[in-house]
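Enquirer: A single structure is presented below for examination.
The values are calculated or read from the model by the stated rules, or taken from the named source; none is laboratory data. Owing to the predicted nature of the structure, the values given are computational and were not obtained by experimental measurement. Here the Cβ positions follow ideal geometry from the backbone for every residue, glycine too, while neighbour counts run over all protein chains shown.
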Amino acid sequence: MRSGAKVALIGGVFMLVAGGVGYGAYNVVGGGGEDGGPEATGTSSEVRTGPPSDAETARTSKEFLKAWAAGDATAASLLTNNEAGAAPLLTGYAEDAHVTRAVITPGPAVGAKVPYTVKATVSYQGRTKTLSYASELTVVRGLTSGKALVDWEPTVIHPQLTEGATLRTGWSSAPEIEAVDRNDKVLDKETYPSLAPVLATLREKYGAKSGGTAGVETWIEPADESAPKTTLLTLAKGRPGKLRTTIEAGAQAAAERAVKQYSQASVVAVKPSTGAISAVANNPVTDFNAAMQGKQAPGSTLKIVTAAMLIEKGFVSATRPVECPKEVLYEGNTFHNLDYFSLPDTDTFTTSFARSCNTAFIKKIDEVHDDSALGKEAREVFGIGLDWKTGIFSTDGSVPEAVGGEAAAQYIGQGTVQMNALNIASITATARTGTFHQPVIVPQSLDGRQLAVASRSLPPHVTQQLNTMMRATATWGSGKAAMASVGGDKGAKTGSAEVDGQGVSNSWFTGFSNDLAAAAVVQSGGHGGDAAGPVVAAVLRAGS
């Protein structure tokens, strides 16, 4: 792409038509048009300050849109506050996106913002189609020149363009896919919105393996080569290939409905016996799949791993009493239970787990005598940090080495522990069977990729005790209300994670029913059973 080059549009017509800004219609190919005034030509010696006036906003936006409509990347980029960033995208609008005709219609300015619609004709190798969309620009004061300029953002060209991304038209690099669930039900982004980024990635990775043929498309090519492309327009359809996933449509539909109850929520469901991902949903839906790519403290849901470690080392058992004071001091750090509750010294570890007693776990750290023990347990048994290859982009959690109070915080899922809903669902699935099965969303047989394998399974007596404690949590502990509607052999663990600068903690919940495990997080949702719990329960009811 040639930065700043003026585009010659042979036989093409770019037009700027009348809108709310207050100027006439132009057919501007070949130049011409009104004079922009002294400021537009740069002849004024006055360096102005302060926000642009309404007149400056109208004049600058008109001249910019007129230059863009004329295909004059040089003139248009000079009217922005970032000529170097604007010129390649403005040039590429014709050269790379193959737009041969564009009608840009401005709307009334709102302060310094000017909205507009674009009706672009895209032509490629004899195929033509219209791409219509709306965007807006903002006029600002140049820091050094004092001139009114368009504040350059890639979204000026198209609202979905991000930094470093480009707009292109051509033969698609990967054929379209017809993704189906494990029972051959078609999965589309209209019915299952959360799957939009998942399906885009699956197409990029496996479209060529699915047996389909490529079509002609206009797409956004992201700066990150590993990220999926976003198709904006299909000029000629290819033949989609069939791609089977591990998703179960009923569970996916329930997950989609459940997360919509909250402004920020994620949920994932996994089959303990195989690691197959049954559902993944987020609200809001963005290119970033928070349920599988997020990184944040999971709160007390991580006590599943801590409990497994403590039982394996013989420091606790499900039936032995443990201390649960209202607070405990460890290396200068004070830890307390929710609302400072305490339990009688005669109560068992199962009660502390089911009631989510933080201090019962913290008090055991001195007996372990190994600040890295929790991280080892997470990696060796639960597969955390083993480079999962799920079939799409995902992060596989981390429990970094820590000492002192930071290590103690990790015991209750705080501090430097980083997890997402996928990781916690997998931890629950591992606790259910005692053996880690790396989560997958497409079968390993599709591409022969190497799946992560944990170095060991849990001893049977540890697995049995974890299931006993999780069943207690679901039937009479902190997860009782959320899990009341879930049938089958069920278990749960609640969690809430405090975040610096956030008034309400994040709500975490994980549970299982028969051969399905699920985990959810609701940002600023408070107690785990109150917000994330019903999300998990809805998925378990539908999928187990």
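Enquirer: In the set 97, 109, 86, which member is out of contact with any helix residue (DSSP H, G or I) (no Cβ under 6 Å at 6 or more places or on another chain) and aliphatic (A, V, I, L, M)?
Expert: Values: 109 fails: out of contact with any helix residue (DSSP H, G or I) (no Cβ under 6 Å at 6 or more places or on another chain); 86 fails: out of contact with any helix residue (DSSP H, G or I) (no Cβ under 6 Å at 6 or more places or on another chain).
Step by step, each of 97, 109, 86 is checked, and only 97 is out of contact with any helix residue (DSSP H, G or I) (no Cβ under 6 Å at 6 or more places or on another chain) and aliphatic (A, V, I, L, M).
Enquirer: It is to be established whether one or more residues within the stretch 184-194 are over 30 Å from residue 275 (Cβ atoms) and touching a residue at least 12 places away in the same chain (Cβ under 8 Å). Steps first, answer last, please.
Expert: Within the stretch 184-194, the first condition is being over 30 Å from residue 275 (Cβ atoms), and the residues that meet it are none.
No, there is no match, as no residue in the stretch 184-194 is over 30 Å from residue 275 (Cβ atoms) and touching a residue at least 12 places away in the same chain (Cβ under 8 Å).
Enquirer: In the list 14, 64, which residue meets the criterion of being modelled with pLDDT under 90 and of a type in the set (Phe, Trp, Tyr)?
Expert: None of the other options fit; the residue is 14.
Enquirer: Right, next: Checking residue 328 against (1) touching a helix residue (DSSP H, G or I) at 6+ places or on another chain (Cβ under 8 Å); (2) without any contact (Cβ under 8 Å) to a residue 12 or more places away in the chain, only one condition comes out false. Which one?
Expert: Of everything listed in (1) touching a helix residue (DSSP H, G or I) at 6+ places or on another chain (Cβ under 8 Å); (2) without any contact (Cβ under 8 Å) to a residue 12 or more places away in the chain, residue 328 misses just condition (2).
Enquirer: Follow-up. Mind counting the residues in the stretch 257-285 that are closer than 29 Å to residue 222 by Cα and in a helix (DSSP H, G or I)?
Expert: Within the stretch 257-285, residues that are closer than 29 Å to residue 222 by Cα and in a helix (DSSP H, G or I) number 1.
Enquirer: Then there's this: Suppose we keep only residues that are charged (D, E, K, R) and surrounded by fewer than 18 Cβ atoms within 10 Å (Cβ to Cβ) within the stretch 222-243. Which one would you say is nearest to residue 169 (Cα to Cα)?
Expert: Residue satisfying both the conditions and the ranking: 237.
Enquirer: Ok, one more. Filter the stretch 356-383 down to residues that are assigned to a loop (DSSP other than H, G, I, E, B) and in contact with a strand residue (DSSP E or B) (Cβ under 7 Å, 6 or more places away or on another chain) and give me whichever is farthest from residue 408 (Cα to Cα). Full working, then the answer.
Expert: Residues of the stretch 356-383 that are assigned to a loop (DSSP other than H, G, I, E, B), as a first pass: 356-357, 363-364, 369-372, 381-383.
Pick out the ones that are also in contact with a strand residue (DSSP E or B) (Cβ under 7 Å, 6 or more places away or on another chain) and you get 356-357, 363.
Values: 356: 15, 357: 14, 363: 9 Å.
Ranking the candidates gives 356 first.
Enquirer: While we're looking at this one, here's another question. Taking the residues in the stretch 437-456 that are polar (S, T, N, Q) and either part of a helix (DSSP H, G or I) or surrounded by 16 or more Cβ atoms within 10 Å (Cβ to Cβ) (or both) as candidates, determine which candidate is nearest to the chain's Cα centre (by Cα). Quick ask: steps written out before the conclusion?
Expert: Step one: filter the stretch 437-456 for residues polar (S, T, N, Q), giving 438, 444-445, 450, 455.
In the following step, the residues that additionally are either part of a helix (DSSP H, G or I) or surrounded by 16 or more Cβ atoms within 10 Å (Cβ to Cβ) (or both) were identified as 438, 444-445.
On the way: 438: 20, 444: 24, 445: 27 Å.
The extreme case among them is 438.
Enquirer: Would you confirm whether or not the stretch 273-295 contains a residue that is more than 26 Å from residue 518 (Cα to Cα), in contact with a strand residue (DSSP E or B) (Cβ under 9 Å, 6 or more places away or on another chain) and of a type in the set (Phe, Trp, Tyr)?
Expert: Looking through the stretch 273-295, none of the residues is more than 26 Å from residue 518 (Cα to Cα), in contact with a strand residue (DSSP E or B) (Cβ under 9 Å, 6 or more places away or on another chain) and of a type in the set (Phe, Trp, Tyr).
Enquirer: Taking the options 189, 205, name whichever one is under 30 Å from residue 123 (Cα atoms), part of a loop (DSSP other than H, G, I, E, B) and among the basic types (Lys, Arg).
Expert: 189 is the lone residue from the list that is under 30 Å from residue 123 (Cα atoms), part of a loop (DSSP other than H, G, I, E, B) and among the basic types (Lys, Arg).
Enquirer: Still on this model: Which numbered condition trips up residue 344, out of (1) under 17 Å from residue 315 (Cβ atoms); (2) modelled with pLDDT of 95 or more; (3) surrounded by fewer than 13 Cβ atoms within 10 Å (Cβ to Cβ)?
Expert: Status for residue 344: all satisfied but (1).
Enquirer: Another question about this same structure. List the pairs whose first member sits in the stretch 255-278 and is without any contact (Cβ under 8 Å) to a residue 24 or more places away in the chain, whose second member is among the polar types (S, T, N, Q), and whose Cβ atoms are under 9 Å apart, counting only residues at least 6 apart or on separate chains?
Expert: The qualifying pairs are 260/283.
Enquirer: Right, another one. When you look at residue 339, is it surrounded by fewer than 17 Cβ atoms within 10 Å (Cβ to Cβ), free of Cβ contacts under 8 Å to residues at least 12 places away in the same chain and more than 25 Å from residue 435 (Cβ to Cβ), yes or no?
Expert: yes
Enquirer: Give 137, 233, 187, 202 a once-over and let me know the one that is assigned by TED's automatic domain parsing to the domain that holds residue 118 and of a type in the set (A, V, I, L, M). Write out each step before concluding.
Expert: Numbers: 233 fails: assigned by TED's automatic domain parsing to the domain that holds residue 118; 187 fails: assigned by TED's automatic domain parsing to the domain that holds residue 118; 202 fails: assigned by TED's automatic domain parsing to the domain that holds residue 118.
Result of the check over 137, 233, 187, 202: 137.
Enquirer: Look through 200, 223, 254, 179 and report the one residue that is among the aliphatic types (A, V, I, L, M) and part of a strand (DSSP E or B).
Expert: Exactly one of 200, 223, 254, 179 is among the aliphatic types (A, V, I, L, M) and part of a strand (DSSP E or B), namely 179.
Enquirer: Tell me, which residue of the stretch 457-487 that is in contact with a Phe, Trp or Tyr (Cβ under 9 Å, 6 or more places away or on another chain) and not hydrophobic (A, V, I, L, M, F, W, C) is surrounded by the most Cβ atoms within 10 Å (Cβ to Cβ)?
Expert: Per the criteria, the residue is 479.
Enquirer: Hey, any hits in the stretch 506-524 for a residue that's without any contact (Cβ under 8 Å) to a residue 12 or more places away in the chain, closer than 16 Å to residue 299 by Cβ and either out of contact with any helix residue (DSSP H, G or I) (no Cβ under 7 Å at 6 or more places or on another chain) or part of a loop (DSSP other than H, G, I, E, B) (or both)?
Expert: Checking the stretch 506-524: not a single residue is without any contact (Cβ under 8 Å) to a residue 12 or more places away in the chain, closer than 16 Å to residue 299 by Cβ and either out of contact with any helix residue (DSSP H, G or I) (no Cβ under 7 Å at 6 or more places or on another chain) or part of a loop (DSSP other than H, G, I, E, B) (or both).
Enquirer: While we're looking at this one, here's another question. Kindly establish whether residue 288 is assigned to a strand (DSSP E or B), modelled with pLDDT under 95 and more than 17 Å from residue 469 (Cα to Cα).
Expert: no
Enquirer: Looking at (1) within 28 Å of residue 289 (Cα to Cα); (2) in contact with a Lys or Arg (Cβ under 9 Å, 6 or more places away or on another chain), which one does residue 524 not meet, given that it meets all the others?
Expert: In the conditions (1) within 28 Å of residue 289 (Cα to Cα); (2) in contact with a Lys or Arg (Cβ under 9 Å, 6 or more places away or on another chain), residue 524 misses (2) alone.
Enquirer: How about the stretch 110-160: which of its residues are of a type in the set (A, V, I, L, M, F, W, C), buried (at least 20 other Cβ atoms within 10 Å of the Cβ) and not in a strand (DSSP E or B)?
Expert: Within the stretch 110-160, 112, 152, 156, 157 qualify.
Enquirer: So, in the stretch 300-336, of the ones that are in contact with a strand residue (DSSP E or B) (Cβ under 7 Å, 6 or more places away or on another chain) and among the basic types (Lys, Arg), which residue ends up surrounded by the most Cβ atoms within 10 Å (Cβ to Cβ)?
Expert: 303
Enquirer: Within the bounds of the stretch 124-137, is there any residue that is basic (Lys, Arg) and at pLDDT 95 or above?
Expert: Scanning the stretch 124-137 turns up at least one residue that is basic (Lys, Arg) and at pLDDT 95 or above.
Enquirer: Right, another one. What's the total number of residues in the stretch 385-436 that are in a loop (DSSP other than H, G, I, E, B), small (Gly, Ala, Ser) and surrounded by fewer than 22 Cβ atoms within 10 Å (Cβ to Cβ)? Working first, answer last.
Expert: Filtering the stretch 385-436 down to residues in a loop (DSSP other than H, G, I, E, B) leaves 385-397, 399-403, 412-417, 420, 434-436.
Now drop any that are not small (Gly, Ala, Ser), which leaves 385, 391, 394, 397, 402, 413, 415, 434.
Imposing the further condition that a residue be surrounded by fewer than 22 Cβ atoms within 10 Å (Cβ to Cβ) reduces the set to 385, 402, 415, 434.
Residues flagged as in a loop (DSSP other than H, G, I, E, B), small (Gly, Ala, Ser) and surrounded by fewer than 22 Cβ atoms within 10 Å (Cβ to Cβ) within the stretch 385-436 amount to 4.
Enquirer: Here's another thing I want to ask about it. Being within 20 Å of residue 268 (Cα to Cα), assigned by TED's automatic domain parsing to the domain that holds residue 264 and not aliphatic (A, V, I, L, M): is that true of residue 515 here?
Expert: On the way: within 20 Å of residue 268 (Cα to Cα): yes; assigned by TED's automatic domain parsing to the domain that holds residue 264: yes; not aliphatic (A, V, I, L, M): yes.
Yes.
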